[in-house]
Amino acid sequence: MLDKTYILAIESSCDDTSASVICNEQILSNIVANQEVHSKYGGVVPELASRAHQQNILPVVETALKQANITKEQLNAIAFTQGPGLMGSLLVGTSFAKSLALALEIPLIGVNHMQAHILAHFIDDASEQKPTFPFLCLTISGGHTQIVKISNYFSMEILGETIDDAVGEAYDKTAKILGLPYPGGPLIDKYAKTGKAVYTFSKPKVKEHHFSFSGLKTAILYFIQKEVKENPNFIEENLENICASVQNTIAEILMDKIKKAVKETGIKQVAIAGGVSANSEIRKRLTDAQKHFGWKSYIPKFEYTTDNAAMIAVTAYQKYRLGLFDDQSITANPRLKVNS
Ligand code: KG4
Ligand code: ZN
């Protein structure tokens with residue numbers, strides 16, 4: 001094992017093109033190019049996403065190397081997101097990484113995006129302390145809502161997941177109903193801060209550790225339609241309170257489920273990961289849980305919550321240590337599971 005292992009990682013699973021250089025567990029650069037092109041469509045348009053990745057990937061990789069002050073020849077491995085994600089988007093990063101590893105004659109490492117969201121907690125500056133095994137992780141993003149038990153770096157078990165929409169989708173679809181652009185999560189979070197949770201939405205009754213968010217979206221839609229019929233300015237006049245009410249309901253659903261998982265497993269170390277873990281209310285409730293329930297909570301730095309290549313890089317570093325390399329036959333897998 002080398003004293004210092006330099007890995008270049010590429011993330012292109014959805015609508016952000018990102019590249020990062022890591023030295024062991026220390027991030028030297030983490031460049032993210034967001035794709036503005038989707039905002040007016042209320043969601044990611046796959047064709048536009050892959051085209052934007054093709055345009056962004058070279059400058060993003062070059063900037064990441066430059067900022068890390070590293071040349072391609074100093075790299076020890078190339079990592080990329082193998083899945084899950086959008087096929088066209090994944091293909092851009094996969095083929096770029098494969099060609100680069102081939103040209104430089106260095107190892108290639110395919111990374112599972114869902115494992116990477118969780119393992120982002122092992123980046124040196126992710127939080128004050130790193131989790132120890134086993135711990136639970138509430139992974140909440142635009143495509144996933146899961147409670148995962150992590151027994152070791154690559155030993156993960158899904159205890160529960162959504163049976164329909166992901167929590168990020170609930171945020172984005174609510175934003176669309178309210179006339180806000182995509183991605184809606186950060187905006188709802190912003191307006192919720194100055195509002196009061198005066199409206200109530202019924203919470204779904206889903207068995208065990210599973211989740212459901214499509215009913216909530218429909219309840220919000222019917223509520224807004226009814227109110228707007230009576231007052232066409234209802235949304236503008238009550239935006240903050242609507243957002244606070246939605247945010248409060250979502251936070252309650254998530255906390256109820258994670259509390260149940262802690263009780264049943266006896267594991268009191270709880271992490272959050274994924275784009276929605278940037279949410280202020282969810283972060284606050286998880287921080288408070290340390291005091292109220294004696295948990296140890298792990299809340300990642302903002303830059304490691306939404307899609308980024310730093311999380312791919314730190315996961316690749318663990319794979320490098322274990323000698324888990326891939327060859328040129330590896331292909332993108334849009335349906336990769338966290339436990340595969
Ligand atoms: O992990 P991510 O960047 O991409 C996926 O792998 O899906 O997550 C994106 C999701 C979007 O649905 C976005 O609205 C949501 O994360 N999000 C938030 C916040 N920041 C991003 N949701 C709620 N509150 C936020 N502050
Ligand atoms: Zn993600």
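The values are calculated or read from the model by the stated rules, or taken from the named source; none is laboratory data. As the structure is a computational prediction, the values presented were derived from the model and not from experiment. Reconstructed Cβ throughout: ideal geometry from the backbone, glycine too, with neighbour counts over all protein chains shown.
Structure notes:
- Selection status of Lys196, in contact (Cβ under 8 Å) with a residue 12 or more places away in the chain, charged (D, E, K, R), within 17 Å of Ile282 (Cα to Cα) and away from ligand 2 (no atom under 16 Å from the Cβ): yes
- As a summary of the residue check, Gln54 satisfies the conditions (1) in contact with a Gly (Cβ under 9 Å, 6 or more places away or on another chain); (2) more than 16 Å from ligand 2 (Cβ to nearest atom); (3) over 27 Å from Gly323 (Cα atoms) except for the one numbered (1).
- Of all residues in region 275-297 being among the hydroxyl-bearing types (Ser, Thr, Tyr) and surrounded by fewer than 24 Cβ atoms within 10 Å (Cβ to Cβ), the one that is farthest from Phe80 (Cα to Cα): Thr287
- Cβ-Cβ under 6 Å pairs, at least 6 apart or on other chains, region 130-145 side over 14 Å from Ser212 (Cα atoms) and in a strand (DSSP E or B), far side within 16 Å of ligand 1 (Cβ to nearest atom) and polar (S, T, N, Q): Thr139/Gln146
- Candidates Ile242, Ile272, filtered to the one that is of a type in the set (Val, Ile, Thr), farther than 29 Å from Ile118 by Cβ and surrounded by 12 or more Cβ atoms within 10 Å (Cβ to Cβ): Ile242
- Region 1-26: number of residues that are in a strand (DSSP E or B) and closer than 25 Å to Gln54 by Cβ: 12
- Scanning region 152-200 for residues that are within 14 Å of Ile250 (Cβ to Cβ) and among the polar types (S, T, N, Q), we see that the one that is farthest from ligand 1 (Cβ to nearest atom) is Thr200.
- Test: Ser29 is at pLDDT 85 or above, surrounded by 19 or more Cβ atoms within 10 Å (Cβ to Cβ) and within 15 Å of ligand 2 (Cβ to nearest atom): no
- When the residues of region 27-77 are filtered to those that are in a strand (DSSP E or B) and free of Cβ contacts under 8 Å to residues at least 40 places away in the same chain, the one that is farthest from Gly143 (Cα to Cα) is Ser29.
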